[in-house]
Amino acid sequence: MSRPDPVVAGLSFGANLGDSATAVGHAIAGVAALPHTRLIRQSSFYRTEPWGPIRQDWFINAVALYETALAPHDLLAACQAIERAIGRAPTAPKGPRIIDIDIVFYGDAVIDTATLTTPHPHYHERRFVLAPLLEIAPDLAINGIPVRDSLEALADDRLKVEQLP
């Protein structure tokens, strides 16, 4: 079986348990170390206010762009293995976590399976994904919609997302 042609994949990273910045940094490096994968660019780290019904600490978030020849589901499996290696265990949905890696997009692919949906179905609702994406890829469009436009559409969203120095 041959490898797919390399594509640019955008991944988001978040953590709010333990040393979150270290966990996010390890996850970004872990993906970059995967076979047939190289880091193109990564965002600054962002401090993000938690939301939802569970009281928890603020998150550290970042995004990174990779060129990869891994098939989409192989990339997903590798990301899940990195999460487990860093110490992720099952938690409540939207709850605290030691690391979370999401595939935001995989080239121009539209994938909708039981285990993987790309583009991520909620990326356009998440300032903590859009702001870092805009930082590193200001001309990026996902499904034909510029990231800048998606971020501007969140103007009324008061969730705090702060770029760290």
Quick test of your reading of the structure: Ile145 fulfils all but one of (1) among the aliphatic types (A, V, I, L, M); (2) more than 25 Å from Thr68 (Cα to Cα); (3) without any contact (Cβ under 8 Å) to a residue 60 or more places away in the chain. Name the failing condition by number. (2)
Filter region 103-129 for residues that are of a type in the set (A, V, I, L, M) and touching a residue at least 60 places away in the same chain (Cβ under 8 Å); which is nearest to His73 (Cα to Cα)? Ile103
Filter region 107-161 for residues that are hydroxyl-bearing (Ser, Thr, Tyr) and surrounded by fewer than 19 Cβ atoms within 10 Å (Cβ to Cβ) and give the result. Thr113, Thr115, Thr117
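On the given criteria, is Arg47 of a type outside the set (A, V, I, L, M), in contact with an Asp or Glu (Cβ under 7 Å, 6 or more places away or on another chain) and either in contact (Cβ under 8 Å) with a residue 40 or more places away in the chain or under 24 Å from Asp156 (Cβ atoms) (or both)? Show your work before the answer.
Numbers: of a type outside the set (A, V, I, L, M): yes; in contact with an Asp or Glu (Cβ under 7 Å, 6 or more places away or on another chain): yes; either in contact (Cβ under 8 Å) with a residue 40 or more places away in the chain or under 24 Å from Asp156 (Cβ atoms) (or both): yes.
Considered against the rule, which asks whether it is of a type outside the set (A, V, I, L, M), in contact with an Asp or Glu (Cβ under 7 Å, 6 or more places away or on another chain) and either in contact (Cβ under 8 Å) with a residue 40 or more places away in the chain or under 24 Å from Asp156 (Cβ atoms) (or both), Arg47 comes out as yes.
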Tell me, yes or no, whether region 89-102 has at least one residue that is in contact (Cβ under 8 Å) with a residue 24 or more places away in the chain, farther than 22 Å from Ser43 by Cα and of a type in the set (Gly, Ala, Ser). yes
Please find, within region 46-77, the residue that is farthest from Ala15 (Cα to Cα) out of those that are buried (at least 19 other Cβ atoms within 10 Å of the Cβ) and among the small types (Gly, Ala, Ser). Ala64
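All of the numbers you see were taken from the coordinates with simple rules; none came from a lab. Being a predicted model, the structure only gives us computed values, none of them experimental. All Cβ positions, even for glycine, are placed from backbone atoms using ideal geometry, and neighbour counts span all protein chains on display.
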